[in-house]
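Below: one structure, written as structure tokens.
The values are calculated or read from the model by the stated rules, or taken from the named source; none is laboratory data. None of these values were measured; they are calculated from a predicted model. With ideal geometry, Cβ positions are generated from the backbone for all residues, glycine too; neighbour counts draw on all protein chains shown. When the accessible area is computed, the model is the full protein with side chains, heavy atoms only, and any ligands, DNA or RNA have been set aside. Shrake-Rupley method; radii C 1.70, N 1.55, O 1.52, S 1.80 Å.
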Amino acid sequence: MKCSPILSKCCLLLLSAFCFVSCTAADQPEQAQAKTENPESQDQGDKLSVLLIDGQNNHNWRETTPILKKILENSGKFTVEVSTTPPGVPRTPRKPANKKLTPEQEKQFEEYVEAWKAEVARLKKENPALWKQWRPDFKKYDVIVSNYNGENWPKAVQQAFDEYVSNGGGFVSVHAADNAFPDWPAYNKMIAVGGWGGRDENSGPMLRLRDGKWDQDTTAGRGGTHGTRIPVVVKVREAEHPIVKGLPLEWMHPADEVYGKLRGPAEHVEVLATAYSEPNERGTGEHEPIMMTIDYGKGRVFHTTLGHDTTALQGTGFQITLQRGTEWAATGDVTQTVPEVAWKDNEPTVQAP
């Protein structure tokens with residue numbers, strides 16, 4: 001997808017002038033209807049079919065989706081097809097804080113605002129028809145992986161997705177996908193806990209590790225925070241679970257956002273791994289859940305909060321757990337052997353996908 005010429009020109013002007021605005025609007029989305037895979041692929045010993053959803057996110061999904069796809073395909077277990085939603089409306093332009101603009105910069109900003117208004121008007125006109133066309137057939141896939149955080153899906157799509165998971169489908173939520181859909185009750189049950197989007201104590205409790213057990217903390221406050229992106233130690237809490245069985249009990253993951261104060265129904269959830277949110281790095285001072293499994297009806301959900309950007313996706317542990325977590329969500333089992341890895345003690349263990 002490419003930004004409109006006028007908007008791109010204005011973005012370049014502003015970036016050179018103040019380095020504060022980016023172009024997020026897009027033209028026509030890649031259409032979402034993926035090719036049909038054999039729904040009985042598991043019985044025939046073929047690869048599991050994955051539908052990877054993107055199209056809107058406050059993170060750079062255009063960079064991360066191809067890497068997520070490659071990570072899954074590298075396992076030899078999956079065929080992956082991508083479904084891209086219609087584009088989101090670009091954020092409202094903001095002037096840089098604590099900086100007085102020159103007359104020329106003021107003029108450039110006004111031009112950008114006008115181009116932004118035109119782009120918003122275009123998207124609002126075109127997107128309704130595009131959303132009507134976006135009807136992924138979830139039933140054709142063994143598992144759905146979400147790299148999406150944006151506006152609500154159409155009600156018909158929400159209902160179809162709810163039915164798919166509750167009737168036994170697999171779902172994997174990656175990083176900011178747990179920020180999505182704060183007002184969709186079924187989705188919040190699927191992910192157990194999520195952040196931002198107005199979530200607070202009314203959304204449900206936080207999960208807090210106390211004396212080796214997980215308590216539900218109903219203290220009032222916003223849901224969702226993270227500190228500085230720094231390398232973190234992943235600590236396995238359920239070593240016998242198929243997703244993490246055979247992995248080190250601890251390993252260092254490259255710089256990433258450790259989500260904290262996530263809130264939600266917190267039902268039927270098992271925390272597989274945590275990371276300590278460093279208070280000296282604007283963190284919570286808590287061992288935050290970063291990998292979870294959730295039972296939703298007859299379906300299985302693997303929820304990982306890791307995976308902020310291309311750096312985070314280089315983590316060897318992230319790649320292995322994404323592969324194994326996706327297989328578990330699809331089948332309830334993990335047949336992949338843990339690869340031979342020279343795990344490093346004092347620095348992140350990484351590999352190119």
Among beta bridges assigned by DSSP with both residues in the chain, the antiparallel ones amount in percent, to the nearest 5, to 60 percent
Counting only DSSP beta bridges fully inside region 166-305, the antiparallel percentage to nearest 5 is 85 percent
For 261-267, 204-210, ranked highest to lowest by mean beta-carbon neighbours within 10 Å, the order is 261-267, 204-210
So the FRET efficiency between R135 and D183, C-beta based with R0 = 22 Å and rounded to 0.05, is 0.55
Any chymotrypsin sites (Phe, Trp or Tyr not before Pro) in region 300-353 that lie in a DSSP loop and have at most 14 other Cβ atoms within 10 Å would be W343
With Cα springs under 10 Å, the Gaussian network model of the chain assigns the largest mean-square fluctuation among G76, G224, G307 to G76
Note on region 267-353: contact order normalised by length, alpha-carbon pairs under 8 Å, 6 or more apart, percent, works out to 21 percent
Pairs over 21 Å Cα to Cα, from K47/K132; K235/K344; K70/K298, come to K47/K132; K70/K298
Full extension between L101 and S166 adds, at 0.36 nm per residue less the Cα distance, a length in nm of 18.0 nm
Counting only protein heavy atoms and rolling a 1.4 Å probe, one gets per residue an accessible area for region 244-353 in Å² of 39 Å²
In order over region 111-125: 3J(HN,Hα) from phi, Karplus 6.51/-1.76/1.60, θ = phi - 60°, whole Hz, x for each Gly or Pro, gives 5, 5, 4, 5, 5, 4, 4, 5, 5, 4, 4, 5, 5, 5, 6
Length gained if L209 through D345 is fully extended, taking 0.36 nm per residue and subtracting the Cα-Cα distance, is 46.5 nm
Filtering trypsin sites (Lys or Arg not before Pro) in region 84-162 by DSSP loop and by at most 11 other Cβ atoms within 10 Å leaves R94, K99, K100
With a 1.4 angstrom probe the carbon and sulfur portion of accessible area for region 248-353, in percent, totals 43 percent
With only helices counted (DSSP H, runs n ≥ 4, each -39500 (n - 2.57)), the per-residue ellipticity at 222 nm for the chain, to the nearest 500, works out to -8500 deg cm²/dmol
